[in-house]
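**Student:** Dropping the structure in here first, questions after.
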Amino acid sequence: MAKLILSLDGQLIKEFTLSKERTTIGRKPHNDIQIDNLAVSGEHAIIMTILNDSFLEDLGSTNGTLVNGNPVKKHFLQNNDVIELGKYKLKFIGEAAPAAGAGGDKADFEKTMVLRPSTMKAAAQAAAAAGGGAQAAVAARQAAVQAAGQSAAATGIADKDAAKAPAMAAAAPAAAAAPSAAPAAKPAQPLGAIQLLSGGNAGKELELTKPLTTLGKPGVQVAVLTRRPQGYFITHVEGAVRPQVNGQQIGAAPHALKDHDVIELAGIKMEFFLKT
Amino acid sequence: MSLISSLEMARATHTGMVRSHNEDSIATDAEIGLAVLADGMGGYNAGEVASGIATALISSETREALVRQPPHEVDRATGSPFARKLLADIIAKANTSIFKSANSQPQYAGMGTTLVVALFSNNQTTIAHIGDSRCYRQRGGKLEQITRDHSLLQGQIDSGLLTKEAAKRSQNKNLVTRALGIEPAVEAEIHTYPAQEGDIYLICSDGLNDMVEDEDIEMTLGAFGANLQLAAEQLVQMANDSGGRDNISVVLIKVKKDFPADEGLFAKFFSWFK
């Protein structure tokens, strides 16, 4: 569950867990998070938590609310956001803090569920009856979510991966390493480029920064160079003749490119190389 | 009338890099211009069962129904093309079938599925959807999402709580507000759009659009558009390359040339008043 850490001048005061759908912040004692300081309004701000997302809303406070130094009216809280009310700071620690190395990404284990329309409607009507505005609508939706979640839990409804979760958790240390490593490795992947060796533009160089680069002439011969975590590949897309790599015609499947491979396509030769 | 000379269809489905089995199910029938995609949910194998029932039943029932009445003919009761009523009826049937199995067999309790059905006829496509599987259209090099998810997140975007950008950072990605087979009745959202020569329609499960940005999908359809099967495989590969956290399914339909129905005189006459 997401947390808020209250501090003043770098001194930690208290930690709060966002366990409720509405967590109020203000000077008056009825607030969930009471900050007894004149710079803080009686009812200063509210945090609405909808499942795993938390939203901060300033309730028209006298001195305003800052997030990461910027004044906000409404804000979708992200991990490590710092909320400021006067001299007080509240640090938001999201639930899905990417702290886990071996634990893997929590999102992998999330389940798809159905929010039953009947529950949604009932909750919305309740909110309308209560004469609520935007906040009430949010609360209604959340009530619906919770109700749906409960009924789902109770009857085992629409619980996409409940059965799989334990098995996947066991495999997590091994499995999590591979998929999460791939996106992280993206920036470190060496950049490839091609240099034209023949034709009118001989000598010209093209950096392959995009995930896909199209080569050739539509309707005649087209190949696409794809940039993947494993490296660069060339794929024949259209035309009677397939491109050649180092004098060999490639197959129908994507062909992995090595540093200094020579590609021949539509009568033009070019060299693929990796930039260091 | 066969649509094979006008429509090219390609499809690909993959378990992804994380899940243990594939609960998506897809079916295409270029002859009658039908494409179906379902992303199942439910414990054990129930998700596959639900999505499998949906695609199989919708494919066979549509084929049968089209023999009785051409889809472009105007349904006199509603004033809209018969395709809409046809899809609404068949989807209701699929819903009942899944709901009944789920309630009669304990191992299938609570199973359900998302759904996208596209039916092409008379230079139009009628698209029905339920849940968070999507249909996009690439026209003139531009990709456009033409279905709107039935999901908590989309609801939050509509109500102004979240921007589209902020929604990408949400932790509540997997909540659908409508699904096939969960309740005794379900309403599919059904719209009819004019189809043009050169259009590419993409139907996908969230395993694609959660992993691959729309602009990268657009770029891929542009680059690989001449080779539809390759384009479908490339999209699946891109989703897997960026983590492949869910099952990934892709159906691509390209309009090679227009496909007007050879209408009877009455239908022609009637269509002037539409």
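**Student:** What average count of beta carbons from other chains do you get within 10 Å of the Cβ of residues in B:221-229?
**Tutor:** Working: counts 0, 3, 13, 8, 4, 8, 8, 0, 1.
If you average over the peptide's residues, the count of other-chain Cβ atoms is 5.
**Student:** Something else: Could you work out the percent of alpha carbon pairs in segment B:1-93 separated by over 17 Å, rounded to a whole number?
**Tutor:** Numbers: 2476 of 4278 pairs.
Summing the P(r) tail past 17 Å for segment B:1-93 gives 58 percent.
**Student:** Which value results when the Cα radius of gyration for segment B:125-274 is divided by 2.2 N^0.38 Å?
**Tutor:** Values: Rg = 17.6 Å, N = 150, 2.2 N^0.38 = 14.8 Å.
Scaled against compact globular proteins, the figure is 1.19.
**Student:** Using only atoms on other chains, find how many Cβ atoms lie within 10 Å of each Cβ of peptide B:165-177 and report the average.
**Tutor:** Numbers: counts 1, 5, 2, 0, 5, 5, 12, 6, 4, 8, 12, 6, 10.
For peptide B:165-177, the averaged partner shielding equals 6.
**Student:** Chymotrypsin sites (Phe, Trp or Tyr not before Pro) within segment B:21-115: which are DSSP loop residues with at most 13 other Cβ atoms inside 10 Å?
**Tutor:** On the way: sites: B:Y44, B:F82, B:F99, B:Y108; in loops: B:Y44.
Sites meeting the loop and neighbour criteria: none at all.
**Student:** Once you wrap a convex hull around the alpha carbon atoms of segment A:192-276, what is its projected area averaged over all directions, in nm²? Don't skip to the answer; put the middle values down first.
**Tutor:** Numbers: hull surface 21.1 nm².
Directional mean of the projected Cα hull area for segment A:192-276 stands at 5.3 nm².
**Student:** Other chains near B:239-246: what is the mean number of their Cβ atoms within 10 Å of each residue's Cβ? Each step should come with its number before you reach the end.
**Tutor:** Working: counts 0, 4, 10, 7, 9, 3, 7, 6.
The per-residue average across the peptide is 6.
**Student:** Moving on. As a test of the formula, what do you get for chain B when each DSSP H run with n ≥ 4 contributes -39,500 (n - 2.57) and the sum is divided by the residue count, at 222 nm and rounded to the nearest 500 deg cm²/dmol? Provide the component values of the computation, followed by the final result.
**Tutor:** Details: 8 runs with 93 residues, N = 274.
Using -39500 (n - 2.57) per qualifying helix, the result is -10500 deg cm²/dmol.
**Student:** Nearest 5 percent is fine: what portion of the DSSP beta bridges confined to segment B:135-211 is antiparallel? Don't skip to the end; give the middle numbers.
**Tutor:** On the way: 9 of 9 bridges.
Expressed as a percentage, antiparallel bridges in segment B:135-211 total about 100.
**Student:** Looking only at Cα atoms, what is the convex hull volume of segment A:1-40 per residue, in Å³? Display every interim value, and only then the final one.
**Tutor:** Working: hull volume 2.8 nm³, N = 40.
Dividing the Cα hull volume of segment A:1-40 by its residue count gives 70 Å³.
**Student:** Sticking with this one: How large is log10 of I(q)/I(0) for segment B:105-162 at q = 0.19, 0.20, 0.24, 0.28 Å⁻¹ when the intensity is taken from the Debye formula with one equal scatterer per alpha-carbon?
**Tutor:** These q points yield log10 I(q)/I(0) values of -0.85, -0.89, -1.02, -1.12.
**Student:** Tell me, what is the percent relative contact order of segment A:1-92, built from C-alpha pairs under 8 Å that lie six or more residues apart? Intermediate results must be reported in sequence, preceding the final value.
**Tutor:** Values: 215 pairs, mean separation 22.2, N = 92.
It rounds to 24 percent for segment A:1-92.
**Student:** Order B:167-180, A:258-271 from most to least packed using the mean count of other Cβ atoms within 10 Å.
**Tutor:** Values: B:167-180: 21.3, A:258-271: 16.1.
Going by the mean number of other Cβ atoms within 10 Å, highest first, we get B:167-180, A:258-271.
**Student:** Below 8 Å between Cα atoms, with a sequence gap of 6+, how large is the relative contact order for chain B in percent?
**Tutor:** Details: 607 pairs, mean separation 73.6, N = 274.
The normalised contact order for chain B reaches 27 percent.
**Student:** Another question about this same structure. Is the C-alpha gyration tensor of segment B:97-202 telling us rounded, prolate or oblate? Criteria: a/c under 1.5 is rounded; beyond that, a/b larger than b/c is prolate, otherwise oblate. All intermediate terms of the calculation are to be shown ahead of the outcome.
**Tutor:** Values: a/c = 2.70, a/b = 1.26, b/c = 2.14.
Oblate.
**Student:** For segment B:53-109 and segment B:165-228, what is the centre-to-centre distance using only Cα atoms, to the nearest Å?
**Tutor:** About 21 Å separates the Cα centre of segment B:53-109 from the one of segment B:165-228.
**Student:** Arranged by the count of other C-beta atoms within 10 angstrom, fewest first, what order do A:S61, B:S133, B:S159, B:S51 take?
**Tutor:** On the way: A:S61 19, B:S133 27, B:S159 12, B:S51 34.
Going from sparsest to densest Cβ surroundings: B:S159, A:S61, B:S133, B:S51.
**Student:** Kirkwood Rh, Cα Rg: Rg to Rh for chain B? Don't jump to the answer; show the numbers that get you there.
**Tutor:** Numbers: Rg = 18.2 Å, Rh = 18.9 Å.
My calculation puts Rg/Rh at 0.96.
**Student:** Could you tell me how many cubic angstrom of Cα convex hull volume segment A:1-81 has per residue? It would help to have the intermediate numbers written out before the result.
**Tutor:** Values: hull volume 7.7 nm³, N = 81.
Output value, Cα hull per residue: 96 Å³.
Taken together, the values in this text are just the output of simple stated rules run on the coordinates, not laboratory data. The structure displayed is predicted, hence computed values, not measured ones. Neighbour counts run over all protein chains shown; Cβ positions are idealised from the backbone, glycine included.
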